[in-house]
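The values are calculated or read from the model by the stated rules, or taken from the named source; none is laboratory data. Every value quoted in this text rests on a predicted model; they were computed, and no experiment measured them. Here the Cβ positions follow ideal geometry from the backbone for every residue, glycine too, while neighbour counts run over all protein chains shown. Ligands, DNA and RNA are stripped out before the accessible areas are found, and what is left, the full protein with its side chains, is counted by its heavy atoms. Shrake-Rupley method; radii C 1.70, N 1.55, O 1.52, S 1.80 Å.
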Amino acid sequence: MLKALVLGINTRPVANSLKKLGFYVYSVSYYVPEDLNADKKYYLINPLFHGRLRENYNENKLIDIANALADEVDYIFITSGVFEFENSKTPRWDNVVGNEPKKINEISNKYKTYKKLKNLGFNVPETKKINNKSQLYKFLEEFKTCILKPIYGSGGGILKIDLNSFDDKIINRIKFPIIAQEYIKGKSFSANFIGNTFITFNKQIIIKGMYAGNLTPYNLPERFIKIFGEVIETFELEGMNGIDFMFKNDEVCIIEINPRILGTFETIEKSAGVNLVKHIIEGKPVNVSERFIKRIVFAKERIIAKIKKKPFVYDIPKYNAVIEKNEPIATVIAKTNINYYIDSIYKECVAYEVK
């Protein structure tokens, strides 16, 4: 029996697809939802008290566990949340499907990636590395409104500020150095590839600067595919990769490169009606057709989750688990009635009352 290891904050989508292919699956993750079907589960979270991801997440622990298992498996799949930080360990694994840890880490330095894209002639937002309050103020004087991002990482931690609201309260929230970027008004999209083959465009759902889901597929002009294909080839990316982008003056403006298994994994898999892991391993393209919507549902207050397994609901927490405000509760993936399923999750949660 072939063995595979899936590593990241949430491994459930890839691990479950591997199980359907008959793999023996090791999951090394932060979350451990009830619908995770891995054979061996290593996790950081307390299933009954989720806590706050940013405060409790320990990338090194996950990498150390994975490193101890790496020689036992035939394939390693890397999802979000690992090798994306400045001091990330980057072990050399020969059996990674896609980009090796060192490559993921290099591209996760958003400032260096922006500079490389710009030097190569790709259209990117005006971006500057900011080391102090004075530099930030000068940037704001020029652009009036800007987006602040950590230099490393993906999926969130984004803060929008403008010159009129620039005060000490905001400064106290900022950890320098940081990236300041011109604010581009409009919708966010992504282009997904397997190898150098284009798969689909997606519309991203962003809530308070955080990735909260997507619509797959999304219809955009095919002429843009060539631009993104050149990015894939220039950075010599392998496996599944995504490029986040917006439109500035009707031209593509590249926002970010995601060099690992993507959040769109499931909507692509469902839309194409295939086992996406199999296609990634074999480097085969897929044909997306029906549109699916993915929405991560966040807690509006501190709650106790009492969610039962049901169609269209995924990443189900342990019954009676305590979820903190603004932390993810579960995920909905459906073609229609998305708001109905989101409401059904909230109805199965009760406010946490301090006794």
TODO: Might you report the magnitude of the Cβ-based charge dipole of the range 200-338 about its Cα centre, with Lys and Arg at +1 and Asp and Glu at -1, to the nearest 20 debye?
DONE: 1020
Task: Given (1) 24.3, 81; (2) 20.1, 61; (3) 19.1, 71, the label whose value is Rg and Dmax of the Cα atoms in Å derived from this model - done: (2)
Open item on the list: Treating only the Cβ of Lys, Arg, Asp and Glu as charged (+1, +1, -1, -1), what charge dipole size does the range 1-92 show about its Cα centre? Round to the nearest 20 debye.
Closed with: 140
- [ ] On the protein heavy atoms, probe 1.4 angstrom, tell me the percent of accessible surface of the chain carried by carbon and sulfur.
- [x] 47
Task: Per residue, the convex hull volume that the Cα atoms of the range 192-267 enclose (Å³) - done: 92
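Quick check on packing: order 28-35, 119-126, 186-193, 260-267 by the mean number of other C-beta atoms within 10 Å, highest mean leading. All intermediate terms of the calculation are to be shown ahead of the outcome.
Numbers: 28-35: 21.1, 119-126: 14.6, 186-193: 19.6, 260-267: 25.2.
Going by the mean number of other Cβ atoms within 10 Å, highest first, we get 260-267, 28-35, 186-193, 119-126.
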Task: Charge dipole (debye, nearest 20) of the chain; +1 at Cβ of Lys and Arg, -1 at Cβ of Asp and Glu - done: 780
Task: Solvent-accessible area per residue for the range 1-100 (1.4 angstrom probe, square angstrom) - done: 47
Open item on the list: Tell me the mean residue ellipticity at 222 nm calculated for the chain from its helices only (DSSP H runs of n ≥ 4, each -39500 (n - 2.57), averaged over every residue, nearest 500).
Closed with: -7000 deg cm²/dmol
Task: Average accessible surface area per residue within the range 229-337, 1.4 Å rolling probe, Å² - done: 42
TODO: For the range 1-106, build the charge dipole from Cβ charges (+1 Lys, Arg; -1 Asp, Glu) around the Cα centre, then report which of Thr90, Tyr42, Asn58 sits farthest towards its positive end.
DONE: Tyr42
Task: Mean Cβ neighbour count within 10 Å, used as a protection proxy, ranking 17-27, 142-152 highest first - done: 17-27, 142-152
Open item on the list: Placing +1 on the Cβ of each Lys and Arg and -1 on the Cβ of each Asp and Glu in the range 204-355, which of Ile316, Ile293, Ile225 has its Cα farthest towards the positive end of the resulting dipole?
Closed with: Ile316
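Could you rank the peptides 337-349, 237-249 by their average count of other C-beta atoms within 10 Å per residue, with the highest value first?
The peptides rank, most packed first, as 237-249, 337-349.
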